[in-house]
Amino acid sequence: MRIEYDRDTCIGMFQCTAEWEGLVEDNDAGKAVLTDGEASDADWGADVRVQELPSEAELDAKFAARSCPVDAIRIYDGDERVV
């Protein structure tokens, strides 16, 4: 599984950071940060970061994605979006 996070879409509610430690608050920018994310050319956002998820992080990352009020976080299993 992998997580994709669009920093441009993020509005800084930080609900995701309470759900998963892989996302942290950047209070100066008012955005969350995907700590181990790498730049991606995903076609759904301008500043998308992507990270492969270790199996032990999958559940918490899914909770983080579901908690995002603006859908800035997506979880994929292969090519299929699961959250």
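Overall, the accessible surface of the chain at a probe of 1.4 angstrom is composed of carbon and sulfur to the extent of 41 percent. Quick one: go through the stretch 1-24 and flag any residue whose amide nitrogen is under 15 Å from the point 7 Å out along the Cα-to-Cβ line of ASP47. Only 5-14, 24 fall inside the zone, counting backbone N under 15 Å. ASP8 exposes around 90 Å² of accessible area when a 1.4 Å probe is run over every protein chain in place.
Normalised per residue, the accessible area of the chain is 57 Å², obtained with a 1.4 Å probe and no contribution from ligands, DNA or RNA.
If you sort THR35, THR9 by accessible surface, 1.4 Å probe, largest first, the order is THR35, THR9. Entry note, the chain: the mean residue ellipticity at 222 nm calculated from DSSP H runs of n ≥ 4, each adding -39500 (n - 2.57), is -4500 deg cm²/dmol after division by the residues and rounding to the nearest 500.
The values are calculated or read from the model by the stated rules, or taken from the named source; none is laboratory data. None of the values given here were measured: they were computed from a predicted structure. Note that each Cβ is placed from the backbone with ideal geometry, even for glycine, and that neighbours are counted across all protein chains shown. We work out accessible area using only protein heavy atoms, side chains counted, and drop any ligands, DNA or RNA first. Shrake-Rupley method; radii C 1.70, N 1.55, O 1.52, S 1.80 Å.
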